[in-house]
Amino acid sequence: MKTINIEDALKLKNTIFIDVRTEKEYEDDHILNAHNMPLFSNDEHHEIGTIYKTQGKHEAIDRGFDFVSPKLKDMYREVKELSKQYEHVIIYCARGGMRSGSFANLLASIGIDIYKLEGGYKSYRNYVIDYLSNVMKKKQFIVLHGLTGVGKTELLVELEKNNIDVVDLEQMAKNTGSVFGFITFDEKPPTQKTFETRIFNALYYSKTDYVFIESESKRVGHVLVPNEIYEGIIRDGYHILIECDIEDRVKRLCKDYIYDRDEGNIDILRECIGRFKKRLGNKKVEEYLQMLEEEKYEELVEKYLVEYYDPLYMHSVQQYKYNEVIHFKDINDTMKELINFHKTARKGAEEC
């Protein structure tokens, strides 16, 4: 059996990581795109841990064999198929110990070319933490600012399609960072560790040191932007203000939150609006709810923008000195401006 450290493993091309931890451990966080092939179920792992503490190591190993033995044939076949699709197969568990070691040794003994990850998931997690703590010493964000609904996320998506490096924090957090933020995402929010793994992956594999990102607060939904990444957003550097006619902002928000959603979404909107009573007062909230019932969606959204969101976020928009101010009307024109800005920033750095 061969072993490999995490730094070398991440550099390999055409690689599949196989995570043999439990589903619960995998859901908490894992190497991005790793394939979960648990040796033990959540309950089995818990039982083995209890036996280890109360009866001893050998008794726990015996019980582990009881659980694993019936699964080995199917797991072998699954790894064998993956080894045909990928040049490198790397197995890991929590700390690179008995689970991954035993399974990797077995596979290697029957002829499958495989690596075991030194230190397991823990080594990966430590690598992610260290990388995020230091990455902004060499990376530079190009930060998109603007009021709610100007299309910052839409531009990030389009930039990525054009092979430009982006970090889309809202997509990674599965939340747009507001009371309504979860509505446009079908997936449940990630854990803090998974959120950080997604940021790491985007930056680690970025092709240049100039990366587009949207201006965000420290908290995005249920997760927090790591300190060093947040400092990279707010520091002096490249800042672009995106402006947009309010009519286009309203249409964009209605499309994202109402028109492209199913009928049950109106009930969710009703519940979210109800949470604003302390901030806006009962009378204003009742007015908004009445407009929702009467399907005056665009009028409602415009009122929310003018009376609440714009005054709330205008201060954060005004605190920066902008390298460029771009009026977003046509996606193609705006993209040309952003891509040209990216090229200019990179060229300027190379000349320095």
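The values are calculated or read from the model by the stated rules, or taken from the named source; none is laboratory data. All figures in this text were calculated on a predicted structure; none of them were measured in a lab. Don't worry about glycine lacking a Cβ; one is built from the backbone with ideal geometry, like all the others, and counts go over all protein chains shown. Note: areas computed on protein heavy atoms with side chains; ligands, DNA, RNA excluded. Shrake-Rupley method; radii C 1.70, N 1.55, O 1.52, S 1.80 Å.
Listed here are the residues, each with its yes/no results for (1) farther than 22 Å from Ser215 by Cα; (2) open to solvent by 70 Å² or more (accessible area, probe 1.4 Å); (3) outside any helix (DSSP H, G or I).
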residue	(1), (2), (3)
Lys284	yes, no, no
Tyr288	yes, no, no
Tyr304	no, no, no
Val317	no, no, no
Tyr322	no, no, yes
Ile326	no, no, yes
Lys329	no, yes, yes
Met335	no, no, no
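Being more than 15 Å from Ile16 (Cβ to Cβ) and either surrounded by 13 or more Cβ atoms within 10 Å (Cβ to Cβ) or among the hydrophobic types (A, V, I, L, M, F, W, C) (or both) is true for just one of Tyr86, Tyr121. Which residue is that? Give the derivation first.
Working: Tyr86 fails: more than 15 Å from Ile16 (Cβ to Cβ).
So the residue among Tyr86, Tyr121 that is more than 15 Å from Ile16 (Cβ to Cβ) and either surrounded by 13 or more Cβ atoms within 10 Å (Cβ to Cβ) or among the hydrophobic types (A, V, I, L, M, F, W, C) (or both) is Tyr121.
Kindly list the number of the only condition in (1) open to solvent by 90 Å² or more (accessible area, probe 1.4 Å); (2) more than 30 Å from Tyr238 (Cβ to Cβ) that fails for Lys296.
With (1) open to solvent by 90 Å² or more (accessible area, probe 1.4 Å); (2) more than 30 Å from Tyr238 (Cβ to Cβ) applied to Lys296, the lone miss is (1).
Go over the candidates Val79, Val128, Val150, Val89 one by one and state the one that is under 26 Å from Asn340 (Cβ atoms) and of a type in the set (Val, Ile, Thr).
Working: Val79 fails: under 26 Å from Asn340 (Cβ atoms); Val128 fails: under 26 Å from Asn340 (Cβ atoms); Val89 fails: under 26 Å from Asn340 (Cβ atoms).
From the options Val79, Val128, Val150, Val89, the qualifying one is Val150.
Looking only at region 224-233, count how many residues are in contact (Cβ under 8 Å) with a residue 24 or more places away in the chain and open to solvent by less than 60 Å² (accessible area, probe 1.4 Å). Step through it out loud before you land on a result.
So the first thing to find is which residues in region 224-233 are in contact (Cβ under 8 Å) with a residue 24 or more places away in the chain, and the list is 224-226, 228-229, 231-233.
Adding the requirement that they be open to solvent by less than 60 Å² (accessible area, probe 1.4 Å) leaves 225-226, 229, 232-233.
The total comes to 5.
If I ask for residues that are exposed (fewer than 15 other Cβ atoms within 10 Å of the Cβ), in a loop (DSSP other than H, G, I, E, B) and not charged (D, E, K, R), which ones from region 13-54 would you list?
Asn14, Asn33, Ser41
If you check Lys188, Lys174, which single one turns out to be modelled with pLDDT under 95 and buried (at least 19 other Cβ atoms within 10 Å of the Cβ)? Steps first, answer last, please.
Numbers: Lys188 fails: buried (at least 19 other Cβ atoms within 10 Å of the Cβ).
Only one candidate qualifies: Lys174.
Just give me the residues in region 211-223 being more than 15 Å from Lys174 (Cα to Cα), buried (at least 22 other Cβ atoms within 10 Å of the Cβ) and not aliphatic (A, V, I, L, M), in sequence order.
Once the filter is applied, which keeps residues that are more than 15 Å from Lys174 (Cα to Cα), buried (at least 22 other Cβ atoms within 10 Å of the Cβ) and not aliphatic (A, V, I, L, M), region 211-223 yields only Phe212.
Only residues that are touching a residue at least 12 places away in the same chain (Cβ under 8 Å) and either open to solvent by 70 Å² or more (accessible area, probe 1.4 Å) or outside any helix (DSSP H, G or I) (or both): list them for region 261-282, please. It would help to see each step written out before you state the result.
Going through region 261-282, the residues touching a residue at least 12 places away in the same chain (Cβ under 8 Å) turn out to be 261, 265-266, 268-270, 272-276, 279-280.
Hits for region 261-282 are Arg261, Arg270, Arg275, Phe276, Arg279.
With the structure loaded, tell me whether Gly96 is open to solvent by less than 40 Å² (accessible area, probe 1.4 Å) and within 26 Å of the chain's Cα centre (by Cα) or whether it fails that test.
Details: open to solvent by less than 40 Å² (accessible area, probe 1.4 Å): yes; within 26 Å of the chain's Cα centre (by Cα): yes.
In short, yes.
Can you pull out the residues in region 77-118 that are in contact with a Leu (Cβ under 8 Å, 6 or more places away or on another chain), modelled with pLDDT of 95 or more and of a type in the set (Phe, Trp, Tyr)?
Answer for region 77-118, where residues must be in contact with a Leu (Cβ under 8 Å, 6 or more places away or on another chain), modelled with pLDDT of 95 or more and of a type in the set (Phe, Trp, Tyr): just Tyr92.
Please work out which one of (1) aromatic (Phe, Trp, Tyr); (2) closer than 24 Å to Lys122 by Cα; (3) open to solvent by 20 Å² or more (accessible area, probe 1.4 Å) is the condition Phe103 fails and give its number.
(3)
Taking region 201-243 only, how many residues are in contact with a strand residue (DSSP E or B) (Cβ under 7 Å, 6 or more places away or on another chain) and within 24 Å of Lys336 (Cβ to Cβ)? Spell out how you get there, then give the answer.
Residues of region 201-243 that are in contact with a strand residue (DSSP E or B) (Cβ under 7 Å, 6 or more places away or on another chain), as a first pass: 202-203, 209-215, 218, 232-233, 237-243.
Those left that are additionally within 24 Å of Lys336 (Cβ to Cβ): 202, 209-215, 237-243.
Summing the residues that are in contact with a strand residue (DSSP E or B) (Cβ under 7 Å, 6 or more places away or on another chain) and within 24 Å of Lys336 (Cβ to Cβ) in region 201-243 gives 15.
Would you be able to say whether some residue in region 138-147 is open to solvent by 50 Å² or more (accessible area, probe 1.4 Å) and touching a helix residue (DSSP H, G or I) at 6+ places or on another chain (Cβ under 9 Å)? Explain how you work it out, then say what you get.
Within region 138-147, the subset open to solvent by 50 Å² or more (accessible area, probe 1.4 Å) is 138.
Imposing the further condition that a residue be touching a helix residue (DSSP H, G or I) at 6+ places or on another chain (Cβ under 9 Å) reduces the set to none.
No, that holds for no residue.
Which pairs turn up if I take residues in region 1-25 that are touching a residue at least 24 places away in the same chain (Cβ under 8 Å) and look for partners that are small (Gly, Ala, Ser) and surrounded by fewer than 14 Cβ atoms within 10 Å (Cβ to Cβ) with beta carbon separation below 9 Å, at least 6 apart in sequence or on another chain?
The qualifying pairs are Met1/Ser109.
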